[in-house]
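The values are calculated or read from the model by the stated rules, or taken from the named source; none is laboratory data. Since this is a predicted model, take the numbers as computed values, not measurements. Every residue, glycine as well, gets a Cβ built from its backbone with ideal geometry; the counts of neighbours run over all protein chains shown.
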Amino acid sequence: MTADQSNQLAEMFRLLGETSRLTLVTHCLEGPLSVGELTRRSGLSQSLVSHHLRLLRAARLLRAERSGKQVFYAIPDCHVREMLTNMIEHMVEPRGAANELMSEEAEP
């Protein structure tokens, strides 16, 4: 990985490190959502949601789809979806589960 790629990846994780932005992205795991629906679900102001969405779209963590007058935001590809899903699964698994699995794999 080049230094530029490392910086880009770090920026993606920095964006996802902010709770409101992470919440918006995880809502989109369910499917495309409008700005209005994301505003309702997140409890944030419409202007703040729009600001976060602009940053997430620029980092390619979300993509925008226009349908008539509305814009819907969705996860752009399987890479982002799988990364988020894996991290969520990792977070909710029992603390010792990962260590037990690694121990089982190491045994002959």
Worksheet entry | Residue list for segment 10-25, filter: assigned to a helix (DSSP H, G or I), among the charged types (D, E, K, R) and surrounded by fewer than 17 Cβ atoms within 10 Å (Cβ to Cβ) | Glu11, Arg14
Discussion item. Would you confirm whether or not segment 64-76 contains a residue that is at pLDDT 95 or above and touching a Phe, Trp or Tyr at 6+ places or on another chain (Cβ under 7 Å)?
Written reply: yes
Item to complete: Pairs only if they're at least six apart or on different chains, beta carbon under 8 angstrom, first in segment 26-46 and under 20 Å from Arg81 (Cβ atoms), second of a type in the set (Phe, Trp, Tyr) and surrounded by 17 or more Cβ atoms within 10 Å (Cβ to Cβ); list them, first residue then second.
Response: Cys28/Tyr73; Pro32/Phe72; Pro32/Tyr73; Leu33/Phe72; Leu33/Tyr73; Ser34/Phe72; Ser34/Tyr73; Leu38/Tyr73
Response to the item:
For segment 57-73 the number of residues that are part of a loop (DSSP other than H, G, I, E, B), free of Cβ contacts under 8 Å to residues at least 24 places away in the same chain and of a type in the set (A, V, I, L, M, F, W, C) is 0
Worksheet item: Identify, please: which residue in segment 26-57 is of a type in the set (A, V, I, L, M) and within 19 Å of Gln70 (Cβ to Cβ) and is, among those, surrounded by the fewest Cβ atoms within 10 Å (Cβ to Cβ)?
Response: Leu48
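Pick from segment 5-25 the residues that are β-branched (Val, Ile, Thr) and free of Cβ contacts under 8 Å to residues at least 40 places away in the same chain: which of them is farthest from Leu53 (Cα to Cα)?
Checking each candidate, the answer is Thr19.
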Worksheet item: Within segment 22-30, is there a residue that is modelled with pLDDT of 95 or more and charged (D, E, K, R)?
Response: no
Worksheet item: Which of the residues that make up segment 35-52 are part of a helix (DSSP H, G or I) and within 12 Å of Thr23 (Cβ to Cβ)?
Response: Leu38, Thr39, Arg41, Ser42, Leu48, Val49, His52
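Would you check if there is a residue in segment 33-54 being under 20 Å from Gln8 (Cβ atoms) and out of contact with any Lys or Arg (no Cβ under 8 Å at 6 or more places or on another chain)? Steps first, answer last, please.
Keep residues of segment 33-54 that are under 20 Å from Gln8 (Cβ atoms), which gives 52-54.
Imposing the further condition that a residue be out of contact with any Lys or Arg (no Cβ under 8 Å at 6 or more places or on another chain) reduces the set to 53-54.
The answer is yes; a qualifying residue exists.
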